[in-house]
Amino acid sequence: MVNSMAEIQNEITNEREFADLSSIKRDVDIVEKKLNEIADEVVDSIIADYGKGRDIDSMKAFEQPDQDAVIDIVRSLLIVLFPGYYRDSIYRTRNEVAKMNVVIEDVMYRLRKQIEIVMVYIPNFSNVGKEERKRCAKEFTIEYFRRIPKIREYLDTDLQATFDGDPAANNKDEIVLSYPGLLATAVYRLAHELVLLGIPMIPRMMSEYAHRETGVDIHPAAEIGKYFFIDHATGIVIGSTSIIGEHVKVYQGVTIGALSTSAGHALHGVKRHPTIEDNVTLYSGATVLGGNTVIGEGCVIGGNAFVTKSVAPHTRVSVATQEMRFENDGDDEAGGEEWI
């Protein structure tokens, strides 16, 4: 083991005989040599740590999907979804239609490359050759882009629901360009179609990008109907086995989640999250948990309500609160104490 820093300093002190420039340079050279030895030993210890055979020790980075590439794909797909709103600074073409042709073909190619990488996680493709994976990845990609018009159809209803439901919205352009709830919903709808095709990893990477950007965590496997409206966005969580109907409005801080159990990952694939039927409103801070929990059509779940059992259709759920007391420090003109 190389000397500690204290020992190095003692060594320098013992060797110093004259406080001249040559001795100072010699001291600096000694410190530099010792620090290099320490740095080499630290690096060697980290490299040795990779050899313990744990999951985190894998060094096959180029056999995993590229996070930056997936984010760039999402951004390009947003141009495809909203061609009049998201700008592209790379391609220069004679007109907008020609540009969209180039954008679509380019993002198809890039998505196909990432799908080809993750196909090893699909049981039926884990042992097939590279050329077969490449061909199948192209088929998956073509089928995915066939579904883009369907995604846009759903998004058009989400945009309408947002405009109808938010009196603060000045116009739909403002919603597309600035509302994080619509952005989170758009990325969810892009990722969800990949889930339906059986593509692993990439959908979750897409949704987690939206999560970081908006504060909205929608698992791409959740099922969400048309006219979905997220207001104020931040802090919303929607679990993977959630089923949400049409014309549902969700405010900030809402959780549609699972009850905590000791079974953990053994429940993978089991319905653990609630079903929210049509025309339901979930106000800020509401929590609805459990795979057997059904919130019936037309229900209103009040702010901060904690719901773990089914609610009959057209029911209002609210939390009883303590009375608030207002005092004005004896100002008679203000009317003394008031209770509400």
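Observations on the structure shown:
- Exclusive hit being part of a loop (DSSP other than H, G, I, E, B) and either among the small types (Gly, Ala, Ser) or buried (at least 18 other Cβ atoms within 10 Å of the Cβ) (or both), set Ala184, Ala221: Ala221
- Selection status of Val319, surrounded by 13 or more Cβ atoms within 10 Å (Cβ to Cβ), assigned by TED's automatic domain parsing to the domain that holds Ser260 and modelled with pLDDT of 70 or more: no
- Among the residues of segment 196-218, those that are surrounded by fewer than 20 Cβ atoms within 10 Å (Cβ to Cβ) and in a helix (DSSP H, G or I) comprise Leu196, Arg204, Glu208, Tyr209, His211, Arg212, Glu213.
- The test for being touching a Leu at 6+ places or on another chain (Cβ under 9 Å) and part of a loop (DSSP other than H, G, I, E, B) does not hold for Tyr144.
- Considering (1) farther than 18 Å from Gln64 by Cα; (2) surrounded by 15 or more Cβ atoms within 10 Å (Cβ to Cβ); (3) without any contact (Cβ under 8 Å) to a residue 24 or more places away in the chain, the lone condition that Arg133 does not fulfil carries the number (1).
- Filter result (assigned to a helix (DSSP H, G or I) and either among the acidic types (Asp, Glu) or free of Cβ contacts under 8 Å to residues at least 24 places away in the same chain (or both)) within segment 158-181: Asp158, Leu159, Phe163, Asp164, Lys172, Asp173, Glu174, Ile175, Ser178
- As a summary of the residue check, Gly235 satisfies the conditions (1) surrounded by fewer than 18 Cβ atoms within 10 Å (Cβ to Cβ); (2) under 16 Å from the mean Cα position of the chain (by Cα); (3) in contact (Cβ under 8 Å) with a residue 24 or more places away in the chain; (4) not in a helix (DSSP H, G or I) except for the one numbered (3).
The values are calculated or read from the model by the stated rules, or taken from the named source; none is laboratory data. Since this is a predicted model, take the numbers as computed values, not measurements. Every residue, glycine as well, gets a Cβ built from its backbone with ideal geometry; the counts of neighbours run over all protein chains shown.
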